[in-house]
Structure formats: C-alpha cells, structure tokens
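The values are calculated or read from the model by the stated rules, or taken from the named source; none is laboratory data. Here the structure is a predicted model, which is why all the values come from computation and not from measurement. All Cβ positions, even for glycine, are placed from backbone atoms using ideal geometry, and neighbour counts span all protein chains on display.
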Amino acid sequence: MAIISKSAEIGGKKLTLEIGRFAPQATAAVLGSYGETMVLVTVVEAQPREDLGYFPLTVDYIERLYAGGRIKGSRWVKREGRPSDEGILLSRLVDRSVRPLFPSGYANELQIVITVLSVDLENDPDIVSVITTSAALALAGVPWKGPVGTVRVALKEKIPFINPTNTEREFSDLDLVVSATKEKVLMLEAGGKEVPEDLVLAAIAAGKKETEKIIDLILDLQKEAGVSTREIIVAPEDKEFKAQVKKIVTPERIKEIIQKNAKGKEGGNQIEILVNEAVETLGEERKKEIRSLVDKLYKEQVREMILSGERPDGRKVDEVRKIEVEVGLLPRTHGSAMFRRGQTQVLSVTTLGTPSLHQLIESAEGEEVKRYIHHYSMPPYSVGETGRIGTPSRREIGHGALAERAVEQVVPMNDKFPYTIRVVSEVLSSNGSTSMASTCGSTLSLMDAGVPIKNPVSGIAMGLVTGKDKEVILTDIAGIEDFNGDMDFKVAGTKNGITAIQLDVKIDGLTPKLIEETFAKAKIGREFILEKMLAVLASPREKISRFAPRVSVMHIEPEKIGEVIGPGGRVIRKMMEQTNTQIDIDDDGTVSVSGVDDQSVGAVISQIEGITREIKAGDVFEGTVKRIQPFGAFVEVLPGREGLVHVSQMSTEFVSDPNKIVSLGQQVKVRVSEIDEQHRINLSMLFGEDANKAPRRNNNTEGFRPKGFFPATRTGFRSSSRPGFDRSRNSR
C-alpha cells in the first residue's frame with residue numbers, strides 16, 4: 001500500500017496522520033505524530049464469538065521506555081511489565097471517546113492497540129493517541145459514526161488555549177480533555193483549580209471548535225485512501241413474539257420489579273422468575289431470545305418511568321438521596337470518615353507518612369514523584385456478589401484516579417504540609433457513583449487527619465434520559481439509572497469552583513445547552529452535599545493524630561550539606577540515633593526531619609540550625625565546657641561546634657590551671673574573639689573593659705589544637721566523596 005500522509009496545524013503545532021508504512025496485516029494502522037511524540041495505532045476486526053451481551057471492544061496501551069530513550073531502572077528486570085496506572089487511564093480515555101459511536105447491533109470483536117514509539121517530553125501521547133485511534137477506526141471501514149476529534153484545553157488568566165506543552169500545563173488553572181464529533185461533545189475529562197462553571201464552559205467550547213479541524217483532517221485521509229464505512233444490517237423485530245412475551249412479562253410486573261431493585265429488595269431474582277415463566281409457555285429453545293427481550297423491556301420501562309417524571313426509587317429528578325456522615329471511626333488510623341448516600345457507602349482512611357515515602361513513577365518521559373496518593377477498592381460484596389479479589393481492575397483504577405484528581409487540587413503544598421499522604425477508599429456498598437462518594441469521604445478523612453486542605457470538596461453524578469421529544473436530567477443517579485440511562489456526568493468541586501469532571505455518554509453526544517444545564521444542576525446538588533458534610537466536620541482538625549509522625553522541613557545552603565552529614569555520615573547518624581528521628585536531605589538543601597514527637601524533631605532542627613549557622617567575631621553564646629587542657633578549655637557554642645577559650649582569655653589575672661576557673665559540663669558565657677585563617681573559633685570569657693586587660697598568650701601554646709578538633713566550617717565536603725553513603729535517603 002502506498003504511503004499517504006496528511007497534516008494540519010492544531011494548537012500551533014503540526015499534527016500528522018500517516019498510513020501505509022507499518023503493520024500491513026492489521027485491519028487498519030495509522031501512524032500519528034504531534035511535535036516529536038509519535039504513536040502507532042492498529043485496529044483489528046474479528047468475527048463475533050458467542051453472544052456476550054456486550055460489545056467486545058478492547059483498547060490496549062503499550063508504552064515502551066525506548067520511546068524516551070530510557071532503560072528500566074530495575075537491576076534484574078529490564079522488560080516493561082504490566083500496564084501502569086497511567087497507561088490504563090489512557091486506554092479508558094480512548095475507549096470512552098470512541099465506544100458511544102458504535103451501533104447497538106454491531107457485535108464483532110474489535111481490538112485497538114496503541115504503541116508509543118517516541119515522546120518528546122513536551123507533548124503527552126494521550127491526545128495524539130485518541131486522534132490516531134479515531135483515524136484508524138475511520139480507515140478500518142467498520143460500522144462507526146465517527147470520526148471524533150480530541151484536544152487538551154488549558155486556562156490561564158481566564159483565557160483558554162489548545163494543547164499546552166507539559167511546561168505550560170504547570171501554570172494552567174484547568175487541564176481539560178475534550179472529545180467531540182462535528183455536532184456534539186462525546187467525552188470530557190478535567191482537573192481544575194476551583195474553576196467557576198462559566199470558565200469551564202468557555203474552555204469546552206474552545207476545545208469543541210478546534211476538534212472540527214481534526215475531524216476534517218481524518219475525513220480527508222479517509223477519502224484519499226478510498227475507504228468507506230459499512231452499514232450494519234439489523235434483523236427486523238419479531239413483533240408477534242414480542243407481544244407473546246409481553247402478555248406474560250407485563251409492564252406492571254416489570255415496574256414492580258424496577259421499584260424493588262431501586263430500593264435494594266432483591267428485584268433481580270424476580271426478573272429470572274419472569275424469564276422462566278415465559279420459557280414454560282414459549283419453549284426452552286427460545287430462552288436466549290426471551291432473556292434478551294425481557295432485558296430490553298426492563299430498560300424501556302425504566303426510561304418511560306423517568307421520562308414521565310417518576311424515578312425508580314420515587315425521588316424527584318433533582319433530589320439527592322439521604323446522606324449520612326461519620327468521622328473518626330477508626331481509633332488507630334490518622335484519619336477516617338464514612339460517607340453514605342442512599343445505598344452507596346464508602347469508608348475512606350488517611351495515612352500520613354514522611355516525605356521519603358513518596359511514590360516514584362517511571363515512564364518513557366522520566367521519573368515523577370507523587371506525594372498525594374488515592375487508592376480505591378470495590379470488593380464483590382459491595383454489590384452482593386461473590387468474585388475474585390486481587391489486583392485492582394481498570395474500573396477501580398479509573399474511579400480512584402477521578403477521586404484523587406478531585407481532591408489533590410486542594411491538598412496543601414509540600415512546604416506548608418511536608419507529608420506524604422495516602423487515602424484508601426473502601427467501597428462497602430455500591431449503588432451509584434462510588435467515585436463521587438470516595439471524593440466526599442476522602443475530603444472528610446483528610447480533615448479528620450488534620451490535613452489543612454484549602455477548601456472541602458464534594459462531588460455528584462448526573463444522569464440523562466432522552467426520548468423522541470423530551471430529555472430529563474437527573475441529579476444523583478442510582479445504579480439502575482446509570483445502567484439504563486444515556487449519561488454519567490460526574491462533577492466535583494468546592495464552594496469556589498470545579499476541581500474535576502468526567503463525562504461518559506451512551507448516545508451520540510451532548511449539546512452545549514445540555515452541558516450548561518447539567519453544570520447548573522450539579523452545582524446545586526454538590527453544594528447540598530457539602531452542607532451535609534460540613535455539618536459533621538466544619539474544618540480540618542487543628543492537630544494531626546498523635547499516632548502520625550511529626551515532620552518539619554527547613555532549608556540550608558547546599559554547601560552546608562556536608563557539615564550536617566559529617567565525615568562518613570557520623571554527624572547525621574548521631575543525631576538520628578540520639579533523637580530517634582529520620583533526616584532526609586535533598587541536593588537543593590531541603591532538609592526533612594520526622595520523628596515520633598515534636599520535641600525530638602525540634603531538637604534536631606535546633607542542632608542543624610546550629611551546625612549550619614555562620615559564626616562571626618563578636619557573637620556571644622552560652623556554651624558548655626566539653627574538654628579541659630592545660631592551655632585552655634573547649635566550649636561547645638552550638639551543637640557540634642566547639643571553640644577554644646585560651647587560659648589568657650579566662651581571666652584578667654594569670655591562670656596557671658584552667659580547672660580552677662571552669663569545670664566539665666559548666667555553662668559559661670563566651671564571646672567569639674576571632675575566626676582565624678584556618679577557620680578555627682577562638683573564644684573569650686572576658687567582656688567590656690576586662691577584654692583589654694587580658695594577659696598576653698604564651699606563644700608555645702598559641703594556636704595549638706589537639707587531634708580531632710574541627711574548624712568552624714568544613715567547606716567543600718560532599719557526601720558523594722564518601723562512597724557507600726546515600727545522602728538523599730540516609731539509609732546506611
């Protein structure tokens with residue numbers, strides 16, 4: 001196949017899509033590049049397996065470290081392992097952007113494989129991966145209502161801009177991904193620094209407009225390649241058979257089951273009874289058709305009820321379920337909270353750790369440090385089922401990441417709260433939006449732990465049911481409304497604005513008007529939830545748990561690091577052993593001290609301040625006599641810093657024996673008389689007029705220093721000159 005390449009300028013940079021170069025045996029293969037970031041997306045279509053009851057679409061994201069010129073850091077394993085959490089999240093981003101556009105009757109197995117070939121450290125592979133996937137599906141000729149375009153939108157000083165570089169994203173107030181067709185928005189994913197709804201809407205509009213250029217580019221490529229999208233032939237509905245089933249499975253009986261399901265009263269078992277009744281009448285050979293038709297009738301009845309203004313559980317369309325909140329439930333954890341909304345219940349637990357416990361993430365783009373970590377767990381019992389318990393599923397990783405993104409926007413910076421923070425959300429019962437329940441529970445748990453978050457965060461999931469001439473937006477959707485509805489739109493934020501959004505649809509997208517209305521109703525809902533949360537815990541606790549480590553951070557001049565560590569690490573090890581603390585020093589001079597109580601941490605901070613303080617002539621100290629020699633006494637003026645008081649500086653009279661003037665351990669007031677050329681500290685016990693009356697020194701003793709005496713400063717020392725000692729972790 002001849003190589004065909006098409007390019008367009010998106011966000012000020014060139015986007016290129018190319019076919020015909022790689023993977024000729026795939027159904028479709030497209031090479032996409034943006035800047036120097038490049039991905040290969042392949043699509044392979046296979047025949048349907050058995051009737052699975054769902055569309056068998058899989059999206060696999062393969063990240064090779066060679067894309068960034070890196071080799072895996074592990075000494076023993078150099079091959080890339082299982083997909084990272086970031087890779088799984090990107091797979092989900094692609095899936096959510098393309099899945100809604102496949103027709104319901106299409107059941108062929110379809111696999112999308114995204115391989116990252118090159119990363120340029122400025123343009124993330126996520127956006128180009130979605131775009132290239134859209135192009136590959138358009139060129140595969142499968143029944144699909146695409147293509148779609150995808151862009152990232154940033155916001156600075158209320159002005160949106162498209163596809164920011166990684167450097168620019170650090171200064172943005174919003175990180176928004178928009179996937180859209182020419183007419184509607186299909187998918188949204190965002191994190192924001194408490195951004196008001198009107199600014200988010202403006203950013204969505206800007207992103208939607210830019211996606212049109214991408215769609216035109218893909219259509220141009222498809223046209224030149226001579227590929228057309230095939231239509232799917234759907235078998236006509238057997239109206240007579242449907243009527244026979246409806247005589248047994250009547251709308252009234254289905255409605256009763258729906259209401260039981262909505263209230264958690266084992267309505268699911270009743271569906272099986274209806275299926276069996278129909279099978280007895282119509283024959284075992286048609287059981288598969290009967291089950292499929294009953295499921296369809298069930299969904300139709302749910303939608304008809306909602307469109308008529310009647311929700312399955314009897315609520316109004318804008319009504320939030322009953323909320324229950326408890327905090328401080330677990331006695332030995334650092335912070336805990338239970339958030340319950342209807343039948344959804346989540347227990348969130350906060351653990352505070354030292355800065356050295358941060359998570360290190362390795363990718364083709366380099367290593368990243370993560371100090372706020374949220375983990376989400378949803379065991380089978382949360383939905384009343386049995387099942388496997390092991391590594392987290394893609395769904396668990398995605399839900400946990402959304403709750404993490406919603407809350408991390410308000411977590412204090414490291415210089416204000418120098419802790420590694422881990423929150424685990426245990427889903428104890430699930431019936432609608434456990435990710436938003438985790439967001440609320442995590443906020444309360446952090447506050448219970450004494451983490452000084454900027455503002456409390458609450459979240460809500462919004463739903464939608466559309467009819468021929470009517471659409472109903474639902475506040476706080478339950479599971480039955482999620483499964484049978486058209487939209488799952490999660491919005492989290494503070495009283496000031498949005499911190500995270502995630503939109504999934506099952507229809508061909510949302511109009512700007514629908515998005516605006518959803519935002520408005522979501523704001524009312526999350527403010528209602530926030531009020532319930534703050535009624536239990538209005539602000540973060542003033543003190544952290546007594547079981548949490550105490551951490552303090554200070555900054556020293558980088559050239560002073562060697563003095564704090566000491567020869568062979570002796571100084572820092574001695575401080576840690578004496579105070580039962582942990583000291584971590586970064587190359588920029590940031591020192592983190594952690595211990596079991598404030599006293600021990602404070603003692604270490606004082607010692608380090610003393611070690612790194614610049615001593616000048618004229619400084620006065622209350623020192624401790626450490627050693628006495630015939631020529632004078634050595635006095636510790638600061639932790640680890642000693643100077644010599646010569647006998648000539650002890651008295652205005654001749655001193656034959658310094659033991660007559662001072663004793664070991666005695667506290668004496670001394671003055672720094674000079675710092676000599678060898679950086680040694682010379683002290684005096686004489687002040688004022690007495691300083692001028694001091695007798696002359698004996699030249700035989702002047703300048704004498706015994707072995708082991710350290711000068712005032714030891715410039716030029718670096719831990720790297722001591723093989724085997726790791727200054728960054730102080731682990732040896």
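Going through the range 542-600 one residue at a time, which ones are basic (Lys, Arg) and either touching a His at 6+ places or on another chain (Cβ under 8 Å) or farther than 15 Å from THR354 by Cβ (or both)?
Quick first cut of the range 542-600, residues basic (Lys, Arg) only: 543, 546, 550, 560, 570, 573-574.
Correct list: LYS543, ARG546, LYS560, ARG570, ARG573, LYS574.
Limited to the range 172-222, what total is found for residues that are touching a Pro at 6+ places or on another chain (Cβ under 7 Å) and under 22 Å from ASN455 (Cβ atoms)?
Count: 2.
Under 7 Å between Cβ atoms, which residue pairs at least 6 apart in sequence (or on different chains) link something in the range 623-646 that is without any contact (Cβ under 8 Å) to a residue 60 or more places away in the chain and farther than 9 Å from PRO658 by Cβ with a partner that is among the hydroxyl-bearing types (Ser, Thr, Tyr) and assigned to a strand (DSSP E or B)?
Sorted first by the residue in the range 623-646, then by its partner, the pairs are VAL635/THR624; GLU636/THR624.
Hey, which of the strands (runs of 3 or more DSSP E) in the range 628-676, taking only ones fully inside, have at least 2 residues that are charged (D, E, K, R)?
641-646, 667-675
For the range 259-276, which residues satisfy the criterion of being surrounded by fewer than 15 Cβ atoms within 10 Å (Cβ to Cβ) and assigned to a helix (DSSP H, G or I)?
GLY268, ASN269, GLU272, ILE273, ASN276
Quick one: which residue in ARG388, ARG422, ARG340 is assigned by TED's automatic domain parsing to the domain that holds GLY450 and either outside any strand (DSSP E or B) or small (Gly, Ala, Ser) (or both)? Break it down stepwise before answering.
Values: ARG422 fails: either outside any strand (DSSP E or B) or small (Gly, Ala, Ser) (or both); ARG340 fails: either outside any strand (DSSP E or B) or small (Gly, Ala, Ser) (or both).
Exactly one residue qualifies, and that residue is ARG388.
What is the residue count in the range 544-572 for residues that are touching a residue at least 24 places away in the same chain (Cβ under 8 Å) and not in a loop (DSSP other than H, G, I, E, B)?
Summing the residues that are touching a residue at least 24 places away in the same chain (Cβ under 8 Å) and not in a loop (DSSP other than H, G, I, E, B) in the range 544-572 gives 19.
Looking at (1) surrounded by fewer than 24 Cβ atoms within 10 Å (Cβ to Cβ); (2) at pLDDT 95 or above, which one does VAL178 not meet, given that it meets all the others?
(1)
Considering only the range 335-371, state which residues are farther than 21 Å from LEU534 by Cβ and surrounded by 22 or more Cβ atoms within 10 Å (Cβ to Cβ).
First pass over the range 335-371, keeping only residues farther than 21 Å from LEU534 by Cβ: 343, 351-371.
Within the range 335-371, LEU352, GLU365 qualify.
When residues of the range 612-666 are filtered for being crowded, with 20+ Cβ neighbours inside 10 Å and at positive phi, how many remain?
Number satisfying all stated conditions: 1.
Name the residues in the range 12-22 that are closer than 11 Å to GLY35 by Cα and either aliphatic (A, V, I, L, M) or in contact (Cβ under 8 Å) with a residue 60 or more places away in the chain (or both), would you? Write out each step before concluding.
At the first step, the residues of the range 12-22 found to be closer than 11 Å to GLY35 by Cα are 12-16.
Listed by number, the residues that qualify are GLY12, LYS13, LEU15.
Within the range 466-480, how many residues turn out to be surrounded by 24 or more Cβ atoms within 10 Å (Cβ to Cβ) and more than 18 Å from ARG340 (Cα to Cα)?
Qualifying residue count, the range 466-480: 1.
Can you give me the number of residues within the range 488-503 that are in a strand (DSSP E or B) and surrounded by fewer than 24 Cβ atoms within 10 Å (Cβ to Cβ)?
1
Taking the residues in the range 10-34 that are surrounded by fewer than 18 Cβ atoms within 10 Å (Cβ to Cβ) and within 31 Å of the chain's Cα centre (by Cα) as candidates, determine which candidate is farthest from ILE131 (Cα to Cα).
Out of the qualifying residues, it is GLY12.
Pick from LEU638, LEU644: which is closer than 30 Å to ALA691 by Cα, in the same structural domain as ARG671 (by TED's automatic domain parsing) and modelled with pLDDT under 90?
LEU638
May I ask you to verify whether LEU330 is touching a strand residue (DSSP E or B) at 6+ places or on another chain (Cβ under 8 Å), part of a loop (DSSP other than H, G, I, E, B) and assigned by TED's automatic domain parsing to the domain that holds SER435?
When the stated conditions are applied, LEU330 passes them.
Residue pairs, Cβ under 6 Å, 6 or more apart or interchain, first in the range 467-492 and within 15 Å of ILE258 (Cα to Cα), second in a loop (DSSP other than H, G, I, E, B). List them.
Sorted first by the residue in the range 467-492, then by its partner, the pairs are ILE477/GLY432; ALA478/ASN431; ALA478/GLY432; GLY479/ASN431; GLY479/GLY432; ILE480/PRO312.
Quick check on this structure: which one of PRO83, PRO125 is closer than 18 Å to ARG64 by Cα, surrounded by fewer than 24 Cβ atoms within 10 Å (Cβ to Cβ) and out of contact with any Lys or Arg (no Cβ under 8 Å at 6 or more places or on another chain)?
None of the other options fit; the residue is PRO83.
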